[in-house]
Each structure stands twice: as structure tokens, then as C-alpha cells.
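Any read-out appearing in this document is the output of simple, stated calculations on the displayed coordinates, not a laboratory observation. Since the model is a prediction, treat every value here as computed from it, not as a measurement. Please note: Cβ atoms are built from the backbone with ideal geometry, for glycine as well, and neighbour counts cover all protein chains shown.
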Amino acid sequence: MSNLHKALDEKLVRVGILGATGTVGQRFITLLSNHPWFIIHALGASPRSTGKPYAKATNWKQTTPIPSNVREIIVQECKPEHFKDCAIVFSGLDADVAGDIEGAFRAADLAVFSNAKNYRRDPSVPLIVPLVNDFHLSMIPQQQAQHQPPLQKGFILTNANCSTTGLVVPLRALEKSFGPIEACFVTTMQAISGAGYPGVSSLDIIDNIVPYIGGEEEKMEWETLKILGGISEEDGQKAFDMHSRYPLRVSASCNRVPVIDGHTMTVSVRFSRRPPPSPQQVREALVAYTPAARSMGCPSTPVHAIFVHEEPDRPQPRLDRYYQDGAGVSVGRVRQCPVLDIKFVVLANNVSIGAATSSIINAELAVLKGVVKLPIN
Ligand SMILES: NC(=O)c1ccc[n+]([C@@H]2O[C@H](COP(=O)([O-])OP(=O)(O)OC[C@H]3O[C@@H](n4cnc5c(N)ncnc54)[C@H](OP(=O)(O)O)[C@@H]3O)[C@@H](O)[C@H]2O)c1
């Protein structure tokens, strides 16, 4: 165990949560209430909630009770002065307000881990799925230097859209073993909770499928390239290369289905290499995949980044979405594709690894890599 690990086990790091009352915010509360390194210090939400004890402000929808150490915390306005003692600020803010609020927190030299879409396309902001591209953390010093005035501790780091997250974990495992993927078709069956609370009207979703989720297909097609791509460097300036050395075409079709939690997707891929790997080789590569977050000892990382089902009818959202507390990705039905090379099914818990769990592992990685500056670093 490193000295930093020891220090983290002895002294808890104060964290804040913006959007603490929402769907993602509640998952943050549940996951952080037992975290070995982090302690919830401040909560923020909209003017509808501010000034109230958390238990009165939120419409709690989790299956476990509100943690007792959080119930009485007074919800604050999302202003940096209320969070100045937090080394880490997690954001589950609505995208309509996340841009301005997260920008103000960064300008106040606070480290923000965001779930919103607003900064994902920013060329200096890493878009990190912690089971995939932790090395993109190396962009943070450039982001801090570019800010006027330059920042010492503050930055914004985003995680991906919930459906992109489920896709890129197996794609990264396959690229690691077999080299570049050049084409991917993905069709999603996305849970209602992905739209936040109260989300899609029951009259629209019960007994139905809605074959459109605004902006989702573009997000999956674009974010996948930023996440699976590398970082190029010219004249001392880093840039995300968008997988441009090996062009990758992604075609996504996104559907909302009457499932509460858990995004399921069917995926077909074509590899550059010929002949392509067999379904058995693909299964073995997925099982063997170990992300750096696991070897580095990030406490929220799942034991199996990818769990491969052998049963022909799995994964299923109702049965598999809480496996490993929703932190891993389940894959099944790995088989040959008669059009591309290989096809399979993926299930990822959209509220856990698709949102709050990813942010928390990103923060753990940032602490271990010294990107989040702590008194104990
Ligand atoms: N749900 C998912 O599966 C998922 C997955 C990945 C990413 N995301 C992203 O994560 C973010 C949160 O999603 P969600 O599903 O948790 O949404 P949600 O349930 O609608 O929660 C939104 C949160 O934002 C707060 N908020 C709204 N207006 C505000 C304002 N003017 N000032 C300060 N706070 C304000 C709300 O506070 P009040 O309760 O006080 O209104 C609430 O805490 C979104 O950007 C979403 O796209 C969601």
C-alpha cells in the first residue's frame, strides 16, 4: 500500500455534490456515504431546494434510506463560496445550468467532476470513462494553464453520456487485444431513469418504445472517438486525436424503452485486422480486460470491468443491472456477425457506471495521480 493510500485511509477528503437532489445526485449520496476516502461536506441544488435539510428537499427514489449523516445537511445555492472547503465537487446538474455553474466553480479554483454534456466537447476538458481512458487526465495541467488567470487546483473533468459509457468499455478491451476497430453499429434500449426525474411521462413509455432520444445518437458517435482516441502533441500543446490515426465510424440508433434502470445495447464491430478474432478470442479478451483504475487500487472500481455471460439470454436489465453495485459492464451473446465481424449485447447501469460511479472513480484516479491537490499529497 502506498503512503498516499495510507494517508487517504486515515484522513477523509471533503467533497461536495451539485444537483444533489436529482437522479444522479441521489446515486452520488448513496455511493459516497460509505466511501473509504471521501466524506460529503456540502450539497447544492436549485432555488427550489436551497435552505432546506436534504431529506426535505429531495424526492428520494433510492432503494436504501437516505444516509443518516446526510439527512440534515442544509442544501445550498450552487455558488463556489459554499463549497470552498471541498477538495472535490461532483456535479449531477441539469445541462441547462451546468455550463455556467461548473465554469464558475472552476474559476474559483475548485476541481469539478461533471456528468453534464456542456464541457464534453471542450478541447481542453478530458472526457473520461475511468475503465477506459484514465490517461486523458494528463490534459488537466494544460487546461489549468490556459485559464485566465491560470489555475492551481481548479479544473473540469467530465464523464461520458450513459449510453456511450456502456459501449466504450468493451470496445476498448477489444482494441487493446486486437488493434483498431474501424466500424461499429450500436442500437440502444435505454432506461427511463436516463432522462432524470420525473423524466418521460408514463403515458408515453408504458406499453411502448420511443425510437428517438434528442441528441443521443450524435453524442454516442462523437464521444466514442474522443474517449477511444489518444492525445497528440505538437509544439508542446496537447490535443485529443479523436481516433484519427485509425478512422473509426460509429453509427448509433437510440431508443427509450420501459425499463427503470440499465441501458442495454446490441453492438456489431469490424476490426482492421484480417482475419478478425473469433468469438471465443473476443470472449477471452473481454474477460481478461483489467483497467488501470483496478491495478492502481481505486476503491470504487469493479472487480470485473466486464462480466461475460455464457447463458444465451443474458444480460438482462432486471437481473444484471445491480451486479457489482452497477459498477461493471455486462456482455453476452458474443457471436459472429455476417455483415461486420463480431456482434454482442452490452448492459450498463446508466445511473451507476453511466454516471455517479464513473465520476467517483475519476476522482479516485485524479487523487492517486496527484491531479487533485490535497494537503496530504
Ligand atoms: N440520469 C442518468 O442516467 C444520467 C446519466 C449520465 C449523465 N446524466 C446527466 O447528469 C445530469 C443530471 O441528470 P439527472 O438525471 O440526475 O437529472 P435530474 O434528476 O433532473 O436532476 C437535476 C439536478 O439539477 C438541479 N438543478 C436544476 N436546476 C437548477 C438550478 N437552476 N440551479 C442549481 N441546480 C439546479 C436539480 O435541483 P432541484 O431538485 O432543486 O430541482 C437536481 O438536483 C444531467 O446533465 C444529465 O444529462 C444523467
Exposure-ranked with fewest Cβ neighbours within 10 Å first, 50, 58 stand as 50, 58
What longest range of the chain stays clear of loop-exposed GluC sites (Glu not before Pro) (DSSP non-H/G/I/E/B, at most 13 other C-beta within 10 angstrom)?
73-309
Considering the zone a paramagnetic label at residue 74 would reach in this model (a point 7 Å from Cα along the Cα-to-Cβ line), which residues of the range 25-54 have amide N under 19 Å from it?
40-54
Here the relative contact order (percent) of the chain, from C-alpha pairs under 8 Å and at least 6 apart, is 17
How do 193, 232 rank when sorted from fewest to most other Cβ atoms within 10 Å of their own Cβ?
232, 193
As an exercise, use a Förster radius of 30 Å and the Cβ-Cβ distance of residue 59 and residue 84 to find the FRET efficiency, rounded to the nearest 0.05.
0.60
Rounded to 5, percent antiparallel among DSSP beta bridges of the chain:
45
Mind scanning 153/238; 56/153; 79/369; 117/176 and naming the pairs with a C-alpha gap bigger than 31 Å?
56/153
Calculated Rg and Dmax of the chain using C-alpha coordinates, Å:
20.0, 62
Options 168, 351, 180, ranked by Cα towards positive dipole end of the range 162-355, top entry (Cβ charges)
180
Among the trypsin sites (Lys or Arg not before Pro) within the range 236-333, which fall in a DSSP loop and have no more than 15 other Cβ atoms within 10 Å of their own Cβ?
245, 273
Roughly how far apart, in whole Å, are the Cα centres of the range 341-362 and the range 250-309?
9
Arranged by the count of other C-beta atoms within 10 angstrom, fewest first, what order do 212, 323, 246 take?
212, 246, 323
The chain - mean residue ellipticity at 222 nm from DSSP helices (-39,500 (n - 2.57) per run, n ≥ 4, rounded to 500)
-8000 deg cm²/dmol
Shape call, the range 162-355: gyration tensor on alpha carbons, a/c limit 1.5
rounded
With the dipole of the chain worked out from charges on the C-beta (+1 for Lys and Arg, -1 for Asp and Glu) around the Cα centre, which of 329, 201, 54 lies farthest toward the positive end?
329
